[in-house]
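The values are calculated or read from the model by the stated rules, or taken from the named source; none is laboratory data. As the structure is a computational prediction, the values presented were derived from the model and not from experiment. Cβ atoms come from the backbone with ideal geometry, glycine included; neighbour counts cover every protein chain shown. Heads up: the accessible areas ignore ligands, DNA and RNA and are worked out on the full protein's heavy atoms, side chains in. Shrake-Rupley method; radii C 1.70, N 1.55, O 1.52, S 1.80 Å.
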Amino acid sequence: MSKDSLSPSAITTGLGTRFVGQRVLYYPKLSSTMDIARKEARRGIAEGTVVIAEEQTVGRGRLKRTWLSPQGSIALSIILYPRISYLPYLVMLAALAAARSIEKVTGLKTQLKWPNDVLINGKKVCGILVETEVGENSAAYAIIGIGINVNFKVADFPEILDVATSLADELGRDIPRVKIIRQLLAEVEELCSALPDGEPIYQEWRKRLITLGRKVQVRTSTAILEGIAESVARDGSLLLRQADGSQTRIVAGDVTLR
Ligand code: ATP
């Protein structure tokens, strides 16, 4: 087996988690891990199950944008059944888990860009997507999608060249994806166990955000707003101070930062 194998056993053997990653559904090629994860979640598959693809053909970003995941990427979705009160923290949790695992395995330094990007030297190395379905009293399910650019050269993909980087580009060599995945799953579980009190997750996420204090342009579906990204609230929304002194609360789902 190649040293970069993503077989379920390479991921799960000796993985010290209680539930995250204990079951892995592996696909060589898939439209999107989110779609399979949603189907499995609706069927009630075990919490913590991971859907992973060697290659995604129709990876999704937010707002129906596409996420490129060529061979050499990590593209995975994690199925959770959290309480509704935990939902706002899931994007923060996923971003932190990705940032921590990249840093621990590679020694590279990451930054977070509100609301959902992990950057290295200002370029996007990881994207996060959280999709949830809410039931009457509890979340029916939540799916955390994480895409990480690992072993490919961004130069081979002109459409993301200006905005993206990969771990191999930063390190000058390939690294075993399975190391990042195993660390990522352990971090997700550790952060999940902190969820009943979301405060530490919110605080670490806020501390790592490079967006705060910066001048930003925010595109909503109806307008372009400019101002200083003043702070983030516990629900993950961004507070934008505009030139006229007014403050606007921006909900992540509706906007793109430029
Ligand atoms: P932005 O980062 O522009 O504010 P966003 O956070 O909403 O947008 P996502 O929805 O997370 O972006 O991701 C989709 C966007 O990311 C695409 O429009 C494209 O520009 C970029 N992209 C797509 N694939 C990759 C990749 N593998 N690595 C880095 N960036 C990518």
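The residues in the stretch 138-167 that are more than 17 Å from the chain's Cα centre (by Cα) and aromatic (Phe, Trp, Tyr) can be counted, and the count is 2.
In the set Ile74, Ile45, Ile84, Ile11, only one residue is buried (at least 20 other Cβ atoms within 10 Å of the Cβ) and more than 15 Å from Gly145 (Cβ to Cβ); that residue is Ile11. In the stretch 89-115, the residues that are within 20 Å of Pro176 (Cβ to Cβ) and within 14 Å of the ligand (Cβ to nearest atom) reach residues that are β-branched (Val, Ile, Thr) and in a helix (DSSP H, G or I) with C-beta atoms within less than 7 angstrom, at least six apart or across chains, in these pairs: Ile102/Ile180; Thr110/Ile102.
On the stretch given as the stretch 129-143, residues that are within 13 Å of the ligand (Cβ to nearest atom) and within 20 Å of Arg83 (Cβ to Cβ) total 2. Of everything listed in (1) farther than 22 Å from Leu87 by Cα; (2) outside any helix (DSSP H, G or I), the single unmet condition for Arg249 is (1). Inside the stretch 88-120, residues that are in contact with a strand residue (DSSP E or B) (Cβ under 6 Å, 6 or more places away or on another chain), of a type outside the set (S, T, N, Q), farther than 27 Å from Lys29 by Cα and open to solvent by less than 40 Å² (accessible area, probe 1.4 Å) make up a count of 3. Listed by position, the helices (runs of 4 or more DSSP H) inside the stretch 151-217 whose residues that are free of Cβ contacts under 8 Å to residues at least 40 places away in the same chain and within 16 Å of the ligand (Cβ to nearest atom) number at least 1 are 167-171. In summary, strands (runs of 3 or more DSSP E) completely within the stretch 32-137 and bearing 2 or more residues that are within 11 Å of the chain's Cα centre (by Cα), under 23 Å from Arg214 (Cα atoms) and in the same structural domain as Leu191 (by TED's automatic domain parsing) occur at 117-120, 123-134.
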